[in-house]
Amino acid sequence: MTLERKEHWDHVYKTKNANEVSWTQEKPNISLQLINSFGVPKTAKIIDIGGGDSKLVDYLLAAGYRNITVLDISAEALEKSKTRLGKKAAQVNWIVCDITRFETDTIYDVWHDRAAFHFLTAPVQIKQYITTAKKVVSGFLVIGAFSKNGPFKCSGLEITQYNEIELKTLMQDGFKSIHCTSEDHTTPFNTQQNFLFCSFKRQ
């Protein structure tokens, strides 16, 4: 299953440009606002789960954060980010891995995920994701997933939609809810996708 997902995403990023995929954001405003609201120092260890070729890393570097990790199942996606960043890419830790198989001894101050979590549709995958987050997060966690008003599929794959209560309930054993908000994301095709963003603190 992991190999199938990896092949799917490598194919997507190898054959499509940023303006040809629905999740592209020119500037990840809500993500940046939530991360900045935590008040962590610029030396904080931040990991972007399913970061792909997102520009979040660009803005975090520009803001002075110096300990950033981007994890994605697709090596092709990360190569696009590295190419875009040029020499700055050397300042980032890049990890090619399925998040449900991720193992590390590193403890992170901030875990950020926009649009990776909702691709986990099996209970065992969701459980493993949360178990890993509880193990490696000491500070804050952000999850952005499709809401009940969002799409049922993305990139041809089934997804799991969430409302605020469902997301809080899933995370309550280990994380205290801070804030939830919704966002209408405008895709490069000028369509709307409704996301639910929730932030949490490790307890």
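Quick note: the coordinates plus some simple rules give every number you see, no bench work behind them. All of these numbers come straight from a predicted model, not from anything done at the bench. Neighbour counts run over all protein chains shown; Cβ positions are idealised from the backbone, glycine included.
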Quiz item: If you count the DSSP beta bridges with both ends in the chain, what percent of them are antiparallel, to the nearest 5?
Solution: 50
Self-check item: Fraction of antiparallel bridges per DSSP, the stretch 90-203 only, in percent to nearest 5
Solution: 75
Exercise. Could you give the size of the charge dipole of the chain about its Cα centre, using +1 on the Cβ of each K and R and -1 on the Cβ of each D and E, expressed in debye and rounded to the nearest 20?
Key: 520
Exercise. Report the calculated FRET efficiency for Cys97 and Thr186 (r = Cβ-Cβ distance, R0 = 41 Å), to the nearest 0.05.
Key: 0.85
Self-check item: Unpaired by the 4.7 Å Cβ criterion, cysteines found in the chain
Solution: Cys97, Cys154
Quiz item: Which order do peptides 186-199, 80-93 fall in by mean Cβ count within 10 Å, highest first?
Solution: 186-199, 80-93
Quiz item: Any idea what log10 I(q)/I(0) is at q = 0.14 Å⁻¹ for the stretch 6-155, Debye with uniform C-alpha scatterers and no solvent?
Solution: -0.66
Quiz prompt | Simple spin-label estimate for Ile126 and Lys87 in nanometres, 7 Å along Cα-Cβ | solution = 4.7
